[in-house]
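Trainee: Attaching a single structure in structure tokens format; questions to follow.
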Amino acid sequence: MKPIRKAVLPVAGLGTRFLPATKAVPKEMLTVVDRPVVQHVVDEAREAGIEHFIFVTGRGKAVIEDHFDIAFELDHTLQERGKTAAYEELKRDLPKAGQTSFTRQQAPLGLGHAVWCAREIVGDEPFAVLLPDMLSRGCMGQMLKAYEQHGGNVIAVEEVKPEETHQYGIVAVGETFGQTFEITGMVEKPKQGTAPSNFIISGRYILQPEIFSILERGDKGAGGEIQLTDAMIRLSEQQKFYGMRFDGRTYDTGSKIGFLTANLAYGLERPELAEALKAEIRALLG
């Protein structure tokens, strides 16, 4: 098996659910405590061993590229003022030269199209996809272990209530192997009562490069867009897919409740913030 070295992060979305906040600021740069959402996702991938981060951007997203670059004036000012801890943190978070690539999705044609836009940078090797709205610390590390066990294609899944399945992409469960199982079918947002399971596709993928030739056809699915799930369904006719039950919690920062919950959860984990934050929550609750 070829190792997973590269990760695709589709960051071209308009963030309409967060207007007016995202009118001038990319949704991926909204902060959970004091780090942009996209930085949290890159942290997860890097801790898992990913070496190359491929950002599929759009117009108005240049600030993401700037965030993952050296800021000479800021660095100089921090050093001059003796703010060594802040300077060292920025330096530690910075990817090494050549570890980031940026390519444009010139039109909003769907997640499948965004992934296809990374094809030349990914090349002929398996790769990861991380949706930057979803904060799932530790998930990619668990997925790489599942990939080492099974090979093929791996999708992170989580359980939801049966009455919520119509809101998500759902997988059908085959033979199980502890934390993982063989996927025997996939369906995008099934009608209520028709879902093959209550396991949703939760925003982390390991895919083989043959997915690109399927996406290249440009077949449109739900919403008139090129859907990644549709391409995975076609690829599953030729290759194995495995589901990995994520042992953790995912926060959907693309929703207002998910974003606020992530800020509370991450804030409560910070020793220097936890007690004061708890006191503020108690005061708000009366």
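The values are calculated or read from the model by the stated rules, or taken from the named source; none is laboratory data. All values derive from a computational prediction rather than experimental measurement. As a convention, Cβ positions derive from the backbone with ideal geometry for all residues, glycine included, and neighbour counts pool all protein chains shown. What goes into the accessible areas is simple: the full protein's heavy atoms, side chains included, and nothing from ligands, DNA or RNA. Shrake-Rupley method; radii C 1.70, N 1.55, O 1.52, S 1.80 Å.
Trainee: Taking 0.36 nm per residue of sequence separation and subtracting the Cα-Cα distance, how much length would be gained by fully extending the chain between residue 91 and residue 275, in nm to one decimal?
Mentor: Working it through step by step, the gained length comes to 63.3 nm.
Trainee: Rounded to two decimals, what is Rg over Rh for segment 213-286 when you use alpha-carbon atoms and the Kirkwood radius?
Mentor: A ratio of 1.25.
Trainee: Quick one: how many Å² of residue 150 are accessible to a 1.4 Å probe, rounded to 10?
Mentor: The value for residue 150 is about 40 Å².
Trainee: While we're here: Going 7 Å from the Cα of residue 120 along its beta-carbon direction, which residues of segment 21-58 have the amide nitrogen within less than 17 Å of the resulting point?
Mentor: 54-58
Trainee: Note down the magnitude of the dipole of the chain about its Cα centre, charges +1 on Lys and Arg C-beta and -1 on Asp and Glu C-beta and zero elsewhere, to the nearest 20 debye.
Mentor: 420 debye
Trainee: Let me ask something else. From the list (1) 19.6, 63; (2) 23.7, 72; (3) 25.0, 98, can you say which value of Rg and Dmax of the Cα atoms in Å was derived from the structure given?
Mentor: (1)
Trainee: Students often get this wrong, so check it: of 2/27; 256/278; 27/96, which have C-alpha atoms separated by over 30 Å?
Mentor: The pairs that break the limit, which is 30 Å between Cα atoms, are 2/27.
Trainee: How big is the accessible area of residue 74 in square angstrom, nearest 10, if you roll a 1.4 angstrom probe over the protein chains?
Mentor: Looks like 90 Å² after rounding.
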